[in-house]
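Asker: For reference, the structure I am asking about is given below.
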Amino acid sequence: MKVPFRLASRGFATSASTFRASASDVKKVAQAKISSVDSIRPFSEALIDSFSRRHDYLRISLTERCNLRCFYCMPEEGVELTPKANLLTDSELLRLGKLFVESGVTKIRLTGGEPTVRAGIGEIIAGLNDLRPYGLKSIAMTSNGLALHRRLPGFVENGLSHLNLSLDTLDPFKFEFMTKRRGLDAVLKTLNVALESPYLKKVKLNVVVVKGLNDSEVLDFVEMTRNKPISVRFIEFMPFTGNKWDKFKMVPSTDLLQIISNKYPGVVRITDEANDTARSWKIPGYQGEFGFISSMSDHFCSTCNRLRITSDGQIKVCLFDAKEVSLRDEMRRGASDSDLLHIIGRAVLGKQEKHVHMENIDVVSNRPMILIGGPAIKYPFVSHTPQNIQLYTFAKNSSRTHWKRLGRLRTFCSSAIQWPGLTHIDEQGRASMVDVSEKNVTKRSATATGRIIIPLIAYELVTASFPPESHQSCSSPLDIAKAKASRKGDTLTVAQLAAIMGSKKTADLIPLCHPLPLTNVKVDLVCEADKISQDTWRYSILCRATVTCEGKTGVEMEALTAVSVGLLTVWDMLKAVAGKEMVIGEILVVEKSGGRSGDFLREPSSVS
């Protein structure tokens, strides 16, 4: 192996001539150089976990937004974006970048969403480039390349040194199918611009392989390395909230390598970079190389050196761990760099030795991929008291949701771990309509029920069959009231129609509800007589409404409105005989399907 280089590091004699060295010599020189740098700039213990892993690589998400809709990254129904005021500002982002670099981080990667849709990204890159005197060596970016080719030279001039392009297919029709957008030509143009840049040190192509979708193109991507100095990395399909992950859709890297080896029997294994996630290979004579990121079938947790900061300022120590701690909130409370480093250190110490097996990965409380890389429920949250901190966790099973107290923490715990936010309230506490423009149209359904308690006389009126009204005079006030109630018509039929009409008017009645194109509304009202004790009966009317639609948001409010209007109509129909005795209650959603939060079915015992 021929490796020309110059020795100019402390502890070695400087030479102006180039010479040849073995791979082991290169490794020794690199280790000596690293030790020399570390002796000048000690590595912070806050970035070392309990398994002695040193985290010198930081990934920062600049935005949750993206101009593509890749199914493995974004849930089908879309995601609810974090209000802009809750995202990290440029100054907050650069402050964290400096803190991490001063503590030992040498590589920062900018991600998203799609990082290029963030305003001011060029200035952010330039601001990070100013951190090189503190030890930063690499500024990288992962992009879909859709709108990058014109801006890339400026980014490189500002300090961008490495670029990863996400491209899962070379077929323009399949590209549109997988991303819900056109643009393959634009991505390939960005790739060519990147390869022509003399100052980009590395250009990589990320390919998420899904069985039956694009696995047949693996050899086409490998062939791209013949005349292009790129590194193609095949990534195993990973599970995240809403991406419908299935282990049978995942193609293990070993299978891909076998396919490639059958076509190229001379393929050879090459040395990986330190802490590299990919196992790299090369075909002799080809300019580029290819590798495999086997997060699922052969994880690389033992050498993981990565930490993540989400666009809303949460630190994640593992991609597959739902736990998050907000650095944004601490900064806005006035935390010093020392305080922040203490919080970071506690988060890093909590990092597990390895993530769970692929079939046990948490895709319920962990964010969708697009939000990692907003609003996600923070687990756990804390409630402060003067004497201690109560630690709770959000427990969830298939049928019921509840808060469960785990115990008391008498040690430091960040107050940034918090309650979920109200979606209809903005950062100033004012009413705000939820923006669903980025969500996809999906089939949604919701069922709600409610009950009105009525006296026996009203129950008899509703269940009785009335003859045509006679002109005979009424003999008592009760008879007059009965006649008045009967003249209004069939109570249940009128209430049913009112409930259906009410559901269709929900957006007119509830200020912040979205108007939805309802596809069906089904309402049933049933009279019920329940024996409570030996001598006591309860008479009531149960209203059940199921509403369905094809829309961008759920129809729970429409179902609840239908039930409420239906029961109010019953009240109006019967008030002549029972206006002082009726009670409306037990209005709740009992079932829903579709949407980001998934299906829901309330236990029968909690409905009765």
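What follows draws every value from the coordinates through simple rules; no lab data is involved. Quick caveat: nothing in here was measured; it's all calculated off a predicted structure. Glycine gets a Cβ as well: all are built from the backbone with ideal geometry, and neighbour counts include every protein chain shown.
Asker: Whole-Hz ³J(HN,Hα) for each residue in the range 588-594, computed from phi via Karplus 6.51 cos²θ - 1.76 cosθ + 1.60 with θ = phi - 60°, x for glycine and proline: what do you get?
Answerer: Rounded to whole hertz, the list is 7, 7, 10, 7, 8, 9, x.
Asker: Using θ = phi - 60° and the Karplus curve 6.51 cos²θ - 1.76 cosθ + 1.60, what whole-Hz ³J(HN,Hα) does each residue of the range 456-462 get, with Gly and Pro shown as x?
Answerer: Karplus-based 3J(HN,Hα) across the range 456-462 equals 4, 4, 6, 4, 5, 4, 5 Hz.
Asker: Right, another one. What is the range 50-344's relative contact order, in percent, from Cα pairs under 8 angstrom and six or more apart in sequence?
Answerer: Relative contact order for the range 50-344 comes out at 19 percent.
Asker: Among PHE173, ASN214, ASN129, whose Cα projects farthest towards the positive end of the dipole of the range 119-271, with charges put on the beta-carbon of Lys, Arg (+1) and Asp, Glu (-1)?
Answerer: ASN129
Asker: What nm distance separates the two modelled labels at ARG182 and VAL268, each placed 7 Å from Cα along Cα→Cβ?
Answerer: The answer from the label model is 4.5 nm.
Asker: Moving on to the next point. Would you mind counting up the charge near LYS98? Only other residues with Cβ under 9 Å from its Cβ, with Lys and Arg at +1 and Asp and Glu at -1.
Answerer: Its environment carries a net charge of -2.
Asker: Are there any trypsin sites (Lys or Arg not before Pro) in the range 508-608 that are in a DSSP loop and have at most 14 other Cβ atoms within 10 Å? List them by number.
Answerer: For trypsin sites (Lys or Arg not before Pro) across the range 508-608 that sit outside H, G, I, E and B with at most 14 neighbouring Cβ atoms in 10 Å, the list reads LYS580.
Asker: Any idea what % of Cα-Cα pairs in the range 50-344 are farther than 28 Å?
Answerer: 38
Asker: Further, regarding this structure: For the range 84-97, in order, what is each residue's ³J(HN,Hα) by Karplus, 6.51 cos²θ - 1.76 cosθ + 1.60 with θ = phi - 60°, in whole Hz (x at glycine and Pro)?
Answerer: Each residue of the range 84-97 in turn: 3, 5, 8, 7, 5, 7, 4, 5, 5, 4, 5, 5, 5, x Hz.
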